[in-house]
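Read the structure below first, then the notes.
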């Protein structure tokens, strides 16, 4: 059980974009960054289109926690590195949702080279 409700999965997974903010050491939120989000099964994932050095990704991975906002849902989350076997389904979800934007754009979040920049969004208890 991921902790996402069916409604949250539908609303966040169906949103074109997600706003994500990681937490600073003092617990305050950093400014939101807008990125793509996909649903694969009962999980939600984000990837850094510009590599592991992308500032939002580096900070999210370091802090491990933050907040997401999409589809009218706002949730506190943990940022978790997914299991290796999750990546084919994540790639398929990105293709299904974002291929309409063209190969050059969607290609930035597909394939083995971006696996290291993938985070699973795990909701924190309310």
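The values are calculated or read from the model by the stated rules, or taken from the named source; none is laboratory data. Note that the structure is a prediction, hence the values are computed from the model and not measured. All Cβ positions, glycine included, derive from the backbone under ideal geometry; neighbour counts span all protein chains shown.
Listing for the model above:
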{"item": "Filtered residues of the range 110-126 (kept if touching a strand residue (DSSP E or B) at 6+ places or on another chain (Cβ under 7 Å), part of a helix (DSSP H, G or I) and either at pLDDT 90 or above or over 16 Å from residue 57 (Cα atoms) (or both))", "result": "117"}
{"item": "Considering residues of the range 26-55 that are part of a loop (DSSP other than H, G, I, E, B) and surrounded by 18 or more Cβ atoms within 10 Å (Cβ to Cβ) only, the residue nearest to the chain's Cα centre (by Cα)", "result": "37"}
{"item": "The range 67-92, residues that are surrounded by 17 or more Cβ atoms within 10 Å (Cβ to Cβ) and either in a strand (DSSP E or B) or out of contact with any strand residue (DSSP E or B) (no Cβ under 8 Å at 6 or more places or on another chain) (or both)", "result": "67, 68, 69, 70, 71, 73, 75, 77, 79, 91"}
{"item": "Hey, residue 19 under 11 Å from the mean Cα position of the chain (by Cα) and either buried (at least 19 other Cβ atoms within 10 Å of the Cβ) or touching a residue at least 12 places away in the same chain (Cβ under 8 Å) (or both) or not", "result": "yes"}
{"item": "Residues satisfying the stated conditions in the range 3-16, i.e. surrounded by fewer than 19 Cβ atoms within 10 Å (Cβ to Cβ) and under 15 Å from residue 80 (Cα atoms)", "result": "3"}
{"item": "Residue 59 vs. criteria within 14 Å of the chain's Cα centre (by Cα) and either within 25 Å of residue 99 (Cβ to Cβ) or outside any strand (DSSP E or B) (or both)", "result": "yes"}
{"item": "Residue match in the range 45-65 (condition: in contact with a helix residue (DSSP H, G or I) (Cβ under 7 Å, 6 or more places away or on another chain), under 14 Å from residue 12 (Cβ atoms) and touching a residue at least 24 places away in the same chain (Cβ under 8 Å))", "result": "yes"}
{"item": "Subset of the range 83-109 [touching a residue at least 24 places away in the same chain (Cβ under 8 Å) and closer than 19 Å to residue 57 by Cβ]", "result": "84, 86, 87, 90, 93, 94, 98, 108, 109"}
